[in-house]
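Quick notes on the structure that follows.
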Amino acid sequence: MSSDSLDRTALTRRTLIGGAGVVTAGVALTACGSSGDVGEDRPAAAAPTTTAPPGPDAEVVAAVADVPVGGGVLLESQRLVVTQPAEGHFRAFIAICSHQGCNLSGVDGERIICPCHGSRFDLEGVPIEGPAKRPLKSRPVAARGSDLVVG
C-alpha cells in the first residue's frame, strides 16, 4: 500500500469515530430533553423545606412548628435543646448542664430543667435557679423555610 492510501484510510477512521461520537452525544441529549410539547403543563416540583442548603457542619434538627413559642423541646438524639423565647426567635443549646455536666431532662413551660441538682435555665439558656452559675453552651440555629438548622 502506498503512503497516500494509508493516510486516506486513517482519515476515514478518524472521521468515522468522530461522527459516532457526535451521534452518541446527540442521542444522550435527546434522552435528557423534554418528552412533551413546549408549554405543556407539568406538575410543579415539590418545594424544598429549606431556602438555602445548610453548611458542611449544619443539620436539620426539627421543624419550626415543633418548637412552641414561649417554650422549647429536648431533642435527645441530637443532644440539643431548642427554644423559641419569642415568635421567630430560636435558640439551641447542648443538652448538658453547665453545673456538673448532667444531661438536661427537658423543657417545662419557660424553664429548661436539669434533674441532677435542681438547676433551671430560662429559654435563653441563662441560669435562674439552682447551683448552675454559667449559661448553657449555645449552638447557632436558624429557621430555613419550615426547618430549623443547627450548625
- Task: State whether the residues of the range 112-128 include one that is closer than 18 Å to residue 58 by Cβ, touching a residue at least 40 places away in the same chain (Cβ under 8 Å) and open to solvent by 60 Å² or more (accessible area, probe 1.4 Å).
- Result: no
- Answer yes if at least one residue in the range 51-61 is touching a strand residue (DSSP E or B) at 6+ places or on another chain (Cβ under 6 Å), modelled with pLDDT under 95 and either under 18 Å from residue 135 (Cβ atoms) or among the hydroxyl-bearing types (Ser, Thr, Tyr) (or both), and no otherwise. yes
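Determine which member of the set 44, 28 is open to solvent by 80 Å² or more (accessible area, probe 1.4 Å), modelled with pLDDT under 95 and more than 21 Å from the chain's Cα centre (by Cα). Give the derivation first.
Details: 28 fails: open to solvent by 80 Å² or more (accessible area, probe 1.4 Å).
Unique residue meeting the criteria: 44.
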- What about residue 92, is it hydrophobic (A, V, I, L, M, F, W, C), in contact with a helix residue (DSSP H, G or I) (Cβ under 7 Å, 6 or more places away or on another chain) and not in a loop (DSSP other than H, G, I, E, B)? no
- Message: I'd like the residue in the range 97-109 that is in contact with a strand residue (DSSP E or B) (Cβ under 7 Å, 6 or more places away or on another chain) and in a strand (DSSP E or B) and, out of all such residues, is surrounded by the most Cβ atoms within 10 Å (Cβ to Cβ).
- Response: 107
- Can you find a residue in the range 101-123 that is in contact with a Phe, Trp or Tyr (Cβ under 6 Å, 6 or more places away or on another chain) and under 14 Å from residue 64 (Cβ atoms)? no
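The values are calculated or read from the model by the stated rules, or taken from the named source; none is laboratory data. What you see is a predicted model; the values in this text were computed from it and never measured. Reconstructed Cβ throughout: ideal geometry from the backbone, glycine too, with neighbour counts over all protein chains shown. Calculation scope for accessible area: heavy atoms of the full protein, side chains included, ligands and nucleic acids excluded. Shrake-Rupley method; radii C 1.70, N 1.55, O 1.52, S 1.80 Å.
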